[in-house]
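Working notes for the structure below.
Just so you know, all these numbers are worked out from the coordinates, no wet-lab data involved. All of these numbers come straight from a predicted model, not from anything done at the bench. With ideal geometry, Cβ positions are generated from the backbone for all residues, glycine too; neighbour counts draw on all protein chains shown.
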Amino acid sequence: MILYFAFSIFFTAVFLKIFIDKLSRTRFFKRAENVESNKKSCIQELHKHKAATPTMGGIAINLTLFISTMVYAISTGRIIWINFFLLLFGLMGFVDDYIKVKKKRDGVTPKEKSSGLIIIGVIIITYLIASGQADTQIVFPFIGVSIEMNRYLYGALMVFLIVLSSNSVNITDGVDGLALGICSVVFVFIGIVAYRLKAEDVLFGAVIMEGACLGTLFFNRYPAKIFMGDTGSLMLGGAIAVFLIELNIPLWLIVVLCVCIFEALSVIIQLFSLKYFNKRIFKIAPFHHHLEKSGWKETTITLTFCVITLAACIIAYSGLGS
């Protein structure tokens, strides 16, 4: 596992260095400054200095997982199929990013994105249930109570959690290093739990994703030289949910991703308030932009949210019991 971890960091970092150098000589993957966009002008104003920063850095994360899984399959004779299913999130994110950059518009619509995530979620949960890797007995954090759920009800709940996780990480990816920092902390939590439960496949996935996150974070930290894009954020959020489902602790998602879920909620609250009361609750949504508008530095926001996530993961681990 140490070798795979080292490889994932090294490959991701080297790939991104070459990728960024290549993008610096072409405008294909660069964000155009005068692109038609439905994003609020105030957010564009906050980040106008980032208009030419290249995106799609998440390609490195997806590629690292693919190559590592292939090498693992060749060396052990075992194929971890779920890792290939995770690449579907990256593929969907790539389509979204491609439309934004090449077609110079906002990408897929929220309805199209939600529909795509639901379809991917259904495919993954169907596979996990059919292969016996998903336990329809739901365990509740901290109280040690579990209930056996109907297979279809369980599947619907898991798909909801996958969509929630993927979307919330995607929404959180708006400040340099923020989403990657949070995911890096969560993957450490997942890796520790997987090691404790002897869940080898999940441990392998968590180790690779942790290495890929750290390798990408080197270039995505403030000031970012490249953005992950939806190619990375949708895949990271999806992977977190799927790994927790495989560990049979899906409800722990609400604890370890509490920051990202709050970010998503801040958008919902803002839209609801504007629609029905014509009033803003936040200066800008999601919440990290509200903090930016309030004078917080990007580095302060990232550090604060990562520390909160670390505390949440420690609390979540205590909820596993003995």
Using the Karplus curve 6.51 cos²θ - 1.76 cosθ + 1.60 with θ = phi - 60°, work out ³J(HN,Hα) for each residue of region 65-82 in order, rounded to whole Hz, and write x for Gly and Pro. 5, 4, 5, 4, 5, 5, 4, 4, 5, 5, 7, 10, x, 10, 10, 8, 4, 4
For the chain, averaging the sequence separation of alpha carbon pairs under 8 Å that lie six or more residues apart and dividing by its residue count, the contact order in percent is 26 percent
What pairs from LYS113/LYS293; LYS100/LYS297; LYS113/LYS225; LYS50/LYS283; LYS113/LYS198; LYS100/LYS279 go past 23 Å between their alpha carbons? LYS113/LYS293; LYS100/LYS297; LYS113/LYS225; LYS113/LYS198; LYS100/LYS279
Would you work out the charge dipole size for the chain about its Cα centre, treating the Cβ of every Lys and Arg as +1 and the Cβ of every Asp and Glu as -1, and quote it to the nearest 20 debye? 1160 debye
Residue-wise HN-Hα coupling along region 312-320, computed from phi with Karplus coefficients 6.51, -1.76, 1.60 (Hz; x: Gly, Pro): 5, 5, 5, 5, 4, 5, 5, x, 6
Which label belongs to the value computed from this structure, given these candidates for Rg/Rh (Cα atoms, Kirkwood Rh): (i) 0.93; (ii) 1.01; (iii) 0.96? (iii)
Hey, what do the phi angles of region 290-300 turn into as Karplus ³J(HN,Hα) couplings, whole Hz, using 6.51/-1.76/1.60 and θ = phi - 60°, x for Gly and Pro? 4, 5, 4, 5, 8, x, 6, 7, 4, 5, 5
Given springs between every Cα pair under 10 Å in a Gaussian network model of the chain, which of PHE15, PHE187, PHE243 has the largest fluctuation? PHE15
